[in-house]
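The values are calculated or read from the model by the stated rules, or taken from the named source; none is laboratory data. For clarity, every value in this text was computed on a predicted model and none was experimentally measured. Every residue, glycine among them, receives a Cβ derived from its backbone with ideal geometry; neighbour counts consider all protein chains shown.
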Amino acid sequence: MTFKKPNFIKVNDYLWEIAPSFKQGMRVPVRVYASKRLLDTMDLAVFDQASNVATLPGIQKYSYVMPDGHSGYGFPIGGVAAFDTTEGVISPGGVGFDINCGMRLVRTDLTIDDVKPKLRELIDALFKRVPSGVGATGFVKISKDEFKKVIEEGSKWAVLKGYGWEEDLKRTEEGGCMEADASKISSRAIARGYDQIGTLGSGNHYLEIQVVKEENIFDKDAAKKLGIFPGQVVVMFHCGSRGFGHQVATDSLNVFLSVMESKYKIKIIDKELACAPFSSPEGQNYFLAMKGAMNMAFANRQVILHRIREVFSDVFKSDPEKLGMHQIYDVTHNTAKLEKYLVDGNWKEVIVHRKGATRAFGPENNEIPKEYYKLGQPVILGGSMETGSYLLLGTKYAEENTFGSTAHGSGRTMSRAQAKHQFRGDQLQKEMEKRGIIVKTDSLSGLAEEAGAAYKSVDDVTETCEKAGISKRIVRFIPIANIKG
């Protein structure tokens with residue numbers, strides 16, 4: 001399929017606009033946050049999808065594309081849109097199928113000198129204790145009825161069961177729990193998810209041991225306040241709601257397709273944007289079910305953190321608290337959330353869709369943990385397994401201009417099929433080990449899909465985020481060992 005190239009209006013060096021005249025039915029312009037170099041690497045389908053989003057009822061201000069934008073299902077990945085709660089819609093395509101796919105970052109008091117002699121032992125033990133790959137099941141054995149509590153309690157359920165510390169909840173977006181209703185979720189979805197707590201999954205999900213180099217600390221004062229120091233070893237991981245979230249999205253998508261035109265007279269430009277009025281019974285049912293999938297993902301990451309602490313404790317023969325294994329933050333992407341912003345001079349509650357985008361609240365926002373109140377919300381941005389990842393902070397500019405949103409990763413430049421055709425997983429594994437990065441995987445073909453060359457430069461993406469004002473770089477982490485699903 002061929003797509004038309006927009007005539008971009010340059011707002012500044014890191015912001016471009018597509019006027020509503022680009023496509024019939026656009027209610028608002030599209031805004032793309034990107035350097036010229038990143039803009040030129042985005043496939044034209046990104047702009048087509050973002051302009052399709054701009055046609056949806058009740059959209060506010062703009063349809064946004066973040067610097068890591070690439071084409072997705074319905075919305076582009078890296079797409080953000082906010083909708084009026086009475087006249088607007090909610091769309092599974094604007095959330096994504098892996099609901100609350102997110103990032104969690106854990107610090108330690110260990111240095112690279114402490115860890116290097118035990119690195120292979122650590123990654124081997126983590127590979128055994130944190131199941132990964134397609135269809136992986138976890139060590140947490142619960143009934144389907146107990147899983148309904150997970151759906152409604154999220155990370156709180158995990159901590160109450162002994163899988164974590166109370167402080168973890170304070171350093172998790174939304175406290176690790178959204179108001180959900182398990183009765184809105186199908187038995188098929190529950191059957192797919194109840195045995196997957198504590199698992200990474202596959203695709204671009206990973207668990208990584210990383211090191212901090214002094215030259216990669218951009219803001220020493222902020223880094224110190226966040227518990228980061230030169231030579232330090234940290235752990236970062238990326239995963240979501242697994243097959244459970246996928247089924248929740250699929251179930252609601254099918255409902256929306258059946259009622260959208262017949263009941264609500266909504267006509268859309270692309271069926272992947274299937275939606276329902278947010279205030280409708282169908283819209284509210286999806287919202288409650290989606291928040292249940294968010295809670296499952298929070299609990300999933302909480303249990304994984306518990307397993308990581310167990311492994312480090314076993315290997316270093318010390319208590320995790322003595323090892324300084326405190327969570328820095330857990331951020332979510334692939335969500336729709338009710339938030340308040342200034343729209344046309346008035347405070348307004350809107351339903352913000354972030355598809356492959358991260359919340360990025362600035363300093364002195366009451367949603368931020370008190371220890372970060374003056375800093376801004378931590379933003380964890382994952383790069384490819386070959387390059388590195390970043391810790392950033394949210395900004396007031398983002399709150400005022402992007403509905404409090406920024407990028408979530410480096411963003412693909414190559415399809416998975418292309419990457420598999422171009423790279424071999426076994427060769428990649430050997431080459432990475434020669435460069436000092438140990439890789440463990442359940443799937444060599446899956447490893448090939450995640451080659452660093454299949455992604456944008458994470459440095460370009462984060463530099464653009466900072467220069468555009470939507471988040472501020474604090475530190476870059478270098479991978480030394482990686483588990484790929």
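With respect to the stated conditions, Asp68 is of a type in the set (Asp, Glu), touching a Lys or Arg at 6+ places or on another chain (Cβ under 8 Å) and buried (at least 24 other Cβ atoms within 10 Å of the Cβ). One residue alone among Gly175, Gly154, Gly201, Gly193 is in contact (Cβ under 8 Å) with a residue 60 or more places away in the chain, of a type outside the set (Lys, Arg) and over 25 Å from Pro281 (Cα atoms), and that residue is Gly201. May I ask you to say which residue of Glu399, Glu386, Glu364 is of a type outside the set (S, T, N, Q), out of contact with any Leu (no Cβ under 8 Å at 6 or more places or on another chain) and outside any loop (DSSP other than H, G, I, E, B)? It is Glu399.
With respect to the conditions (1) under 30 Å from Val89 (Cβ atoms); (2) without any contact (Cβ under 8 Å) to a residue 24 or more places away in the chain; (3) part of a helix (DSSP H, G or I), Ser313 lacks only one, and its number is (1). In region 412-428, what count of residues is obtained for those that are closer than 21 Å to Leu39 by Cα and either in a loop (DSSP other than H, G, I, E, B) or of a type in the set (Asp, Glu) (or both)? Within region 412-428, residues that are closer than 21 Å to Leu39 by Cα and either in a loop (DSSP other than H, G, I, E, B) or of a type in the set (Asp, Glu) (or both) number 3. For region 168-259, the helices (runs of 4 or more DSSP H) that sit wholly inside it and include 2 or more residues that are out of contact with any Gly (no Cβ under 6 Å at 6 or more places or on another chain) and β-branched (Val, Ile, Thr) are 242-259. Restricted to region 394-425, and to residues there that are among the hydroxyl-bearing types (Ser, Thr, Tyr) and farther than 12 Å from Val461 by Cα, the residue that is surrounded by the fewest Cβ atoms within 10 Å (Cβ to Cβ) is Ser415.
A single member of Leu381, Leu391 is crowded, with 24+ Cβ neighbours inside 10 Å, touching a Pro at 6+ places or on another chain (Cβ under 9 Å), touching a residue at least 24 places away in the same chain (Cβ under 8 Å) and outside any loop (DSSP other than H, G, I, E, B), and it is Leu391.
Lys467 passes every criterion in (1) surrounded by fewer than 17 Cβ atoms within 10 Å (Cβ to Cβ); (2) in contact with a Leu (Cβ under 9 Å, 6 or more places away or on another chain); (3) under 30 Å from Glu339 (Cα atoms) apart from (2). Exactly one residue out of Glu386, Glu339 is of a type in the set (D, E, K, R), surrounded by fewer than 24 Cβ atoms within 10 Å (Cβ to Cβ) and at pLDDT 95 or above, and it is Glu339.
Can you tell me which residue among Ala189, Ala180 is in contact with a Leu (Cβ under 6 Å, 6 or more places away or on another chain) and either crowded, with 18+ Cβ neighbours inside 10 Å or more than 30 Å from Gly292 (Cβ to Cβ) (or both)? Going through Ala189, Ala180 in turn, just one is in contact with a Leu (Cβ under 6 Å, 6 or more places away or on another chain) and either crowded, with 18+ Cβ neighbours inside 10 Å or more than 30 Å from Gly292 (Cβ to Cβ) (or both): Ala180. Take Thr86 and decide whether it is β-branched (Val, Ile, Thr), over 24 Å from Asn254 (Cα atoms) and in contact (Cβ under 8 Å) with a residue 24 or more places away in the chain. No; evaluated as a whole, the condition is false for this residue.
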